[in-house]
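These notes are about the structure you will find just below.
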Amino acid sequence: MDDQDAISRLKAALGPKGFLEGADAMARYLVDWRGLYRGPALLVARPATTQEVSACMRICSEAGIAVVPQGGNTGLVGGSVPRPEDARCILLSLDRMNTVRRLDALDFTITVEAGCILQNIQRAADEADRFFPLSLGAEGSCQIGGNLSTNAGGIQVLRYGMARDLVLGLEVVLPDGEVWDGLGGLRKDNTGYDLKQLFVGSEGTLGIITAAVLKLFPKPRVIETAFVAVRDPAAAIELLSRMRAGTGDVVTAFELIDRGILDLVFANVPGNADPLAQRHDWYVLTEAFGAEGSSGLRDAVEQVLGRAMEDGLVLDAVLAASGAQRQAFWKIREDMADAQKHEGVPIRHDVAVTVSRVPEFLARAIPACRDALPGARIIAFGHAGDGNIHFNLLPPRGGDKSAFQGEMARMNRVVHDIVVDMGGSISAEHGIGRLRRDELHHYKSPVAIALMRALKATLDPRNLLNPGKIV
Ligand code: FAD
Ligand code: ZN
């Protein structure tokens, strides 16, 4: 079968609404969120059903055409677009598979198609008096299939875990078009290998997730949110431990924020204001959820903060007095990605160390980067409650932006060497994609790399599914 035959068969299988062709129509699917990665495609396939996904995979596998799955295209590691060398590939978007198949309130589960936008799943849960805790800045456009494929984290991992911890079952189309139906939704099932977890975090290299059963939780009835200035990162980590103990371990979010990123948010994204009267170097945005009648939660948070202030850990703090004020705090956090976009392309790091060693990581990485690249602006913020820091370097104001980009590989090494020396991870929540592939192969043990390659070769022997990503 030549490519033209394959494309004709794909179009027939997908129907007129199920594909896009031509450079203009396909353009927005072929560049990533940051505008850094672009690639070609013979066709953008937009299947509406699992059977159509299966038909696409069957045709492509027979013709030897590569397939790049794409969700909301908000990934930050270049995983969701073809590589420039993938001329014989189609992009398979899940955006038309956006139905909530069912919600089982007594089971606390929801079964959704992969193309459901994360925010719509949160809303569906909310309408049923339930709560779906996965929450991240891109939730208005990322899809659950993308979230599961990247094992997304976000701001509530501390209490509810990552995407991996929120999934009870999957439906997956394999590279040859076979469909694996694992949507049983059981809480307990030890019948052999846990197949669903193989696909979670595999970034579209082993199979295409078409549907998932997700865990729901009781809706929080009381929410306390505090914007806190802390003495330094060590004080922040001590505060986290006191907050966990003092609230009966109901802290859901604990974000560390440095003044640098705060200044960029205020300067570059309208509608934000400093919640505190004075400038400080380090802040924490933290939240705790309580059940019905847990009116003592506010007292508990106030007590912890009061004592931490007496002990010099906390310099100032404000507790949200209303839902609107809470939203204003979170808007600052959510605008951090946008705020950096205005300053040129950052050299990013998405690293994790054990929670207690976050201060040590910062104490080592900040001076190391200052020495290695004088003038670069250093930004550190993120999910300190999980030991995950987004540690980014921005070009000096008025500096040469493309020369700065040329320093990426060297500066990645500076930061990642420190992380790995501390037993940490070079990719905490964003994944590997294209951006971190060389780093993965540099740092991961030969045994781990060989296992990953063996898995890939078993499930996708012809390397047709998202080639060049991860392995
Ligand atoms: P895409 O970008 O479309 O794809 C990501 C990867 O998954 C690709 O490799 C793709 O091939 C594969 N894929 C997508 N759908 C499927 C499928 N159905 N089956 C198989 N493979 C598939 N991430 C976090 O973890 N935490 C954060 O806090 C966070 N904040 C962010 C804030 C902003 C403003 C932005 C832009 C991004 C943020 N991200 C964050 C990164 C990104 O949103 C996540 O990686 C998200 O999970 C990607 O989902 P998506 O639907 O956009 O996937
Ligand atoms: Zn993050």
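The values are calculated or read from the model by the stated rules, or taken from the named source; none is laboratory data. Predicted, not measured: the structure shown is a model, and the values here were computed from it. For neighbour counting, all protein chains shown are included, and Cβ atoms are generated from backbone atoms with ideal geometry for every residue, glycine included. Surface areas here come from the heavy atoms of the whole protein model, side chains and all, with no ligands, DNA or RNA. Shrake-Rupley method; radii C 1.70, N 1.55, O 1.52, S 1.80 Å.
Counting heavy atoms of the protein chains only and a 1.4 Å probe, report the per residue accessible area for region 195-263 as a whole number of Å².
27
Treating the beta-carbon of each Lys and Arg as +1 and of each Asp and Glu as -1, no other charges, what is the dipole magnitude of the chain about its Cα centre, to the nearest 20 debye?
Result for the chain is approximately 460 debye, rounded to the nearest 20.
Assuming a ≥ b ≥ c are the square roots of the Cα gyration tensor eigenvalues, decide whether region 348-447 counts as rounded (a/c under 1.5), prolate (otherwise, with a/b larger than b/c) or oblate.
It comes out oblate by the Cα gyration axes.
Around Val213, with a cut-off of 10 angstrom between Cβ atoms, what is the net charge of the other residues, counting Lys and Arg +1 and Asp and Glu -1?
+1
What is the spin-label model distance, in nm, from Ala128 to Leu186 if the labels are put 7 Å beyond Cα along the C-beta direction?
Here the answer is 2.1 nm between the modelled labels.
Quick check: Cα centre of region 436-471 to Cα centre of region 134-155, how many Å?
For region 436-471 versus region 134-155, the Cα centre distance is 23 Å.
Cβ under 13 Å from Arg413's Cβ, Arg413 left aside: what net charge do those residues give with Lys, Arg +1 and Asp, Glu -1?
-3
At a 1.4 Å probe radius, carbon and sulfur cover how many percent of the accessible area of region 244-382?
For region 244-382, the apolar C and S fraction of the accessible surface comes to 50 percent.
If you take the charge dipole of region 420-460 about its Cα centre, with +1 on Lys and Arg Cβ and -1 on Asp and Glu Cβ, which of Gly423, Ala457, Tyr443 is farthest toward its positive end?
Going by the Cα projections, it comes out as Ala457.
Quick check: from the Cα gyration tensor, does region 345-391 come out rounded (a/c under 1.5), prolate or oblate?
oblate
Taking the simple approach of a point 7 Å from Cα along Cα-to-Cβ for both Phe217 and Glu310, what is their distance in nm?
Reported label-point gap for Phe217 and Glu310 is 3.1 nm.
If a paramagnetic tag sat 7 Å from the Cα of His442 along the Cα-Cβ line, which residues of region 78-107 would have the backbone N under 18 Å from that point?
78
Would you please give the FRET efficiency between Glu178 and Gln327, computed as 1/(1 + (r/R0)^6) with r the Cβ-Cβ distance and R0 = 45 Å, to the nearest 0.05?
About 0.50, to the nearest 0.05.
To make sure I understand the rule: partners must be lysines, Cα under 30 Å from the Cα of Lys17, and not fewer than 8 residues away in the same chain. Which ones qualify?
Within the straight-line cut-off, Lys17 pairs with Lys469.
Along the positive direction of the dipole of region 315-471 (beta-carbon charges: Lys, Arg +1; Asp, Glu -1; about the Cα centre), which of Ile347, Ala376, Gln327 reaches farthest?
The one lying farthest along the dipole's positive direction is Ile347.
Can you give the FRET efficiency to the nearest 0.05 for Lys17 and Asp194, using r as the Cβ-Cβ distance and R₀ = 41 Å?
0.70
Give me the one-decimal nm value for the distance between modelled label points at Asp263 and Gln405, 7 Å along each residue's Cα-to-Cβ direction.
Going by the 7 Å Cα→Cβ label model, 2.5 nm.
Fully extended, how many nm does the chain gain between Ala457 and Leu276 (0.36 nm per residue separation, minus their Cα-Cα distance)?
The Ala457-Leu276 span can extend by a further 59.7 nm.
Near Asn151, within a Cβ-to-Cβ distance under 15 Å, what is the net charge of the other residues, with Lys and Arg +1 and Asp and Glu -1?
-1
Give the residue from Gly161, Ala273, Met1 lying farthest towards the positive end of the charge dipole for the chain; charges sit on Cβ (+1 for Lys and Arg, -1 for Asp and Glu) and the dipole is referred to the Cα centre.
Checked the options; the winner is Met1.
Taking 0.36 nm per residue of separation and subtracting the Cα-Cα distance, what length does fully extending Asp421 through Leu106 add?
Between Asp421 and Leu106, full extension yields an extra 108.8 nm.
Using 20 Å as the cut-off for backbone N distance, which residues of region 205-245 belong to the label zone defined by a point 7 Å from the Cα of Asp299 along Cα→Cβ?
221-226, 242-245
Over the chain, what relative contact order in percent results from Cα pairs under 8 Å that are six or more residues apart?
Reported as a whole number, the value is 15 percent.
Using the Cα centre of region 151-242 as the reference point, and only Cβ charges (+1 on K/R, -1 on D/E), how large is the resulting charge dipole? Debye, rounded to the nearest 20.
So the dipole magnitude of region 151-242 works out to roughly 600 debye.
As a test of the definition: which semi-axes, in Å, follow for the chain when you take the square root of five times each eigenvalue of its alpha carbon gyration tensor? Largest first, please.
Semi-axes, largest first: 38, 27, 20 Å.
Under a 1.4 Å probe, what is the accessible area of region 32-114 per residue, stated in Å²?
35
So what's the gap between the Cα centers of region 359-434 and region 161-215, to the nearest angstrom?
33
If contacts are Cα pairs under 8 angstrom and at least 6 residues apart, what is the relative contact order of region 229-288 in percent?
53
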